[in-house]
Amino acid sequence: MKTLRIEVEIPEDLRRDVEQGVYYCSGSIVASRVDRERGSSIEIDVLDEADPASLEQTVRSWIEQTIRSSLRYEATTVREWGGHDGFVATTEEVLGSPEIHGLGEGLVAYGPKLTRALRAIRGLCESLSEGVGADPFTLPAVATLEHMHRCDYLRQFPQLLSFVTHFREDFGAIDAYSLQCRNAQVADECVPSTDGTRPVKRVLRPAICYHVYACFDGGTVPGKRPFIACAHGDCFRYESRNTTSLDRLFDFRMYEIVAMGSEAGVRDLRERMIEEVSGLLERLGLPGRVKSSNDPFFVSGSVMMSTFQRAQDLKYELEVPFPNREGHLAVASFNLHQDFFASRFAIRTDDGAVAHTGCTAFGLDRILAAMLVHHGADPDGWPASSREMLRLPD
Ligand SMILES: [Zn+2]
């Protein structure tokens, strides 16, 4: 292992993204540290076989491209509230809990107490949904490439994708693979050859709301009051070496409330969600703040100027203090997509206009992780008020 130090100016709001994103540049990068104070360099620990000169060139040009294509602005905080100070449990204590079973990189199973707590957190999301008259949907965890291409996800976030394939209908190929596994001494010898498999046509969904738009393909929603859908389930994002704790899992659980309707209706619902979700977390005993975010989902190099100008207002994140390098964790986001998805899926309001859409997304594992570090690794010890609110049994 060797350490490579690259002198490069990194703007303050991109330091975290650069530190976490650099892993996708090369498999030989095993650790990265950006000088968070001054942002004048990045240090990366790399495997011995890596060629430092070419790696430095790759990392430099990636950082330059990231700076060029990202939106520059000052984040604004629209809400902030206190709560209890400091942390009751460290992330190590949380991960050491007998209720958490690590089942591979970014894969966790929860035991009964944490499963009940997670279900209760989802229950709070269900109550919010009911409060706004949302209709529930059941959606698949897999999405076709065609669908995700229409959502423009493939072009924007290819590094996060997980592809799904299967064997061709071919007895020879299937039988040969079975034999390969029978003779395998270690799991690595069970990796299938691509000769026998179909070209990849599907991915694991990275978020919930994409399927909702597909359900309304060519459809109409009310213009007066938005149509509101809710759904939840496992989502998948490949986080490379950033997957070290509960805050970044490969397979994680999301709950989304999705609105489709007039611009004003969708925006009003988002304002209401910001208020209600903030209040909810405050009552759970979690401090936090809601901030505009510089990661609106479809802004990239070729974006229209109007979107650029308004992008500051498109995405807000609810952050809870967390014992990680950033000092906080985003547990929910409040997003406006303008007419982006509705134009891709020809969704109109009943007065004929292209609809607007927006979503409120909850990272259920992240809310659980926040509860665990703020109130203790064992939910039995959580404050009575939080347990009562979650309706956890005494
Ligand atoms: Zn969404």
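The values are calculated or read from the model by the stated rules, or taken from the named source; none is laboratory data. Note that this is a predicted model, so its numbers are computed, not measured. Backbone-built Cβ (ideal geometry, glycine too); neighbour counts: all protein chains shown.
Some values worked out for this structure:
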read-out: Which listed residue, of GLU275, GLU282, GLU263, is more than 16 Å from the ligand (Cβ to nearest atom), closer than 27 Å to PHE157 by Cα, modelled with pLDDT of 95 or more and in the same structural domain as GLU92 (by TED's automatic domain parsing); value: GLU263
read-out: Only listed residue being in contact with a strand residue (DSSP E or B) (Cβ under 9 Å, 6 or more places away or on another chain) and within 21 Å of GLY285 (Cβ to Cβ), chosen from GLY106, GLY86; value: GLY86
read-out: Pairs where the first residue, in segment 336-362, is of a type in the set (Phe, Trp, Tyr) and the second is away from the ligand (no atom under 16 Å from the Cβ) and assigned to a loop (DSSP other than H, G, I, E, B), C-beta under 9 Å, 6+ apart; value: PHE345/ASP217; PHE345/GLY218; PHE345/GLY219
read-out: Top-ranked residue in segment 86-98 [being in a loop (DSSP other than H, G, I, E, B) and either among the polar types (S, T, N, Q) or without any contact (Cβ under 8 Å) to a residue 24 or more places away in the chain (or both); ranked as farthest from ASP378 (Cα to Cα)]; value: GLY86
read-out: Test: VAL221 is within 14 Å of the ligand (Cβ to nearest atom), among the hydrophobic types (A, V, I, L, M, F, W, C) and modelled with pLDDT of 95 or more; value: no
read-out: Qualifying residues in segment 322-377 (those that are among the polar types (S, T, N, Q) and either within 15 Å of the ligand (Cβ to nearest atom) or part of a strand (DSSP E or B) (or both)) - the one farthest from GLU19 (Cα to Cα); value: THR349
read-out: Selection count, segment 168-192, where residues are of a type in the set (Phe, Trp, Tyr) and surrounded by 14 or more Cβ atoms within 10 Å (Cβ to Cβ); value: 1
read-out: Test for CYS215: is it within 16 Å of the ligand (Cβ to nearest atom) and either more than 28 Å from the chain's Cα centre (by Cα) or surrounded by fewer than 19 Cβ atoms within 10 Å (Cβ to Cβ) (or both); value: yes
read-out: Flag for PHE297 being of a type in the set (A, V, I, L, M, F, W, C), modelled with pLDDT under 95 and not in a loop (DSSP other than H, G, I, E, B); value: no
read-out: Among residues of segment 79-100, those that are exposed (fewer than 15 other Cβ atoms within 10 Å of the Cβ) and modelled with pLDDT of 90 or more, counted; value: 7
